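One structure is given below, encoded as structure tokens.
The values are calculated or read from the model by the stated rules, or taken from the named source; none is laboratory data. Note that the coordinates shown come from a computational prediction; the quantities given were computed from them, not determined experimentally. Please note: Cβ atoms are built from the backbone with ideal geometry, for glycine as well, and neighbour counts cover all protein chains shown.
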Amino acid sequence: MEEILKKYMNRFTTLSEEEQQMILSELQIEEYKKGTVLLRQGNVPLKCYFVLKGCVRQHSIDEAGKEVTSNFYTEEQAISNFNHHKQDKSSSFFINLVKSKN
């Protein structure tokens, strides 16, 4: 799993092995099951995510109660939903797993 993260970092910058290890030592690798909600619409996002395996869906529920999918994140994609432009900083989206590693 760490190799996937190193490969991702190398796409954007050149880091020494020591620098990569410093970053990796601060990350938490967690496994979630299909259907897990990582963020609920209206909640303030506190984490960002990186998809190692599986697929994550970003969607919202509009005023009519209809689910509107706005994005899918697949392997080797980062997910961040910080809303510093909004006064209350709440999320406009749900983020949940549609496919897990297993």
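Reported count of residues in the stretch 31-90, each being farther than 29 Å from Lys7 by Cα, free of Cβ contacts under 8 Å to residues at least 12 places away in the same chain and not acidic (Asp, Glu), is 7. Counting only strands (runs of 3 or more DSSP E) that sit wholly inside the stretch 1-81, those with at least 1 residues that are modelled with pLDDT of 95 or more, surrounded by 15 or more Cβ atoms within 10 Å (Cβ to Cβ) and among the polar types (S, T, N, Q) are 55-61. Number of residues in the stretch 49-72 that are more than 11 Å from Lys99 (Cβ to Cβ) and either in contact with a strand residue (DSSP E or B) (Cβ under 6 Å, 6 or more places away or on another chain) or β-branched (Val, Ile, Thr) (or both) equals 12.
When we screen Lys47, Lys53 for residues that are basic (Lys, Arg), in the same structural domain as Ser92 (by TED's automatic domain parsing) and within 27 Å of Gln87 (Cβ to Cβ), the only hit is Lys47.
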